[in-house]
Amino acid sequence: VAIWAGVHITNPRPSGVVAMAPGSRGHLTITAKDYLSSSVPTGPDSFSMADLVSLLPRSMRVAIVRGASDGYGAGDRQIVAAGAGQVERFTIPFAGHSLKRILIARYVIEQAMDWVLAPNGAARAASN
């Protein structure tokens, strides 16, 4: 939803997006499959995250925050490529998709937020 909001909210326009464990596709409805984490959305109301990222203003940065063992990261390469330099991936060690109960998550999320809000051209503080 964060990446979708970055594209569709224009007044006021967000300065950046921190996407917490996005899939390669998303949708704005909650289904039984979502609760079971059993499939990627494919219905007519679903959308590609890479396609959305390509629609963002070039000045808007996107940080993808993902657990190291999150099985939904397969689409990250396409999302990063679609962002052409405006997307970075931040990895939380020892975390899965839900990012629950991982104390180190706070520090990685703070790094992601700092990167998103940094002036254009600022280098990333830590590499993953």
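The values are calculated or read from the model by the stated rules, or taken from the named source; none is laboratory data. Remember, predicted model here, so these are calculated numbers, not experimental data. Positions of Cβ are backbone-derived with ideal geometry, glycine not excepted, and every protein chain shown enters the neighbour counts. Heavy atoms of the whole protein, side chains included, go into the accessibility calculation; ligands, DNA and RNA do not. Shrake-Rupley method; radii C 1.70, N 1.55, O 1.52, S 1.80 Å.
A few remarks follow.
- 3J(HN,Hα) from dihedral phi, segment 103-115, Karplus parametrisation 6.51/-1.76/1.60, rounded to Hz, x for glycine, proline: 4, 5, 4, 4, 5, 5, 5, 4, 4, 4, 5, 4, 5
- Proximity of backbone amide H atoms, modeled 1.01 Å from N, is registered between His97 and Gly71 at under 5 Å, excluding neighbours fewer than 5 places apart on the same chain.
- Sorted largest first by accessible area at a 1.4 angstrom probe radius, with every protein chain in place, the residues Thr10, Thr91 fall in the order Thr10, Thr91.
- Gyration tensor verdict on segment 59-116 (Cα atoms; rounded if a/c is under 1.5, prolate if a/b is larger than b/c, oblate otherwise): oblate
- Fully extending the segment from Arg58 to Phe94, taken as 0.36 nm per residue of separation minus the present Cα-Cα distance, adds 9.7 nm.
- Cut-off 9 Å between beta-carbons: net charge of the residues surrounding His97, Lys and Arg +1, Asp and Glu -1: 0
- Here the peptides 96-109, 47-60 are ranked by packing, the mean other Cβ count within 10 Å, and the order with the highest first is 47-60, 96-109.
- Taking a point 7 Å from the Cα of Ile30 along the Cα-to-Cβ direction, the residues of segment 1-19 with backbone N closer than 16 Å to it are 1-2.
- Förster radius 22 Å - calculated FRET efficiency between Ser48 and Ala5 (Cβ-Cβ, nearest 0.05): 0.90
- Long-range amide H partners of Gln86 with built H, under 5 Å: none
- Between amide H atoms placed 1.01 Å from N, distances below 5 Å from Gly67 occur with Ile92, all of them 5 or more places distant or on a separate chain.
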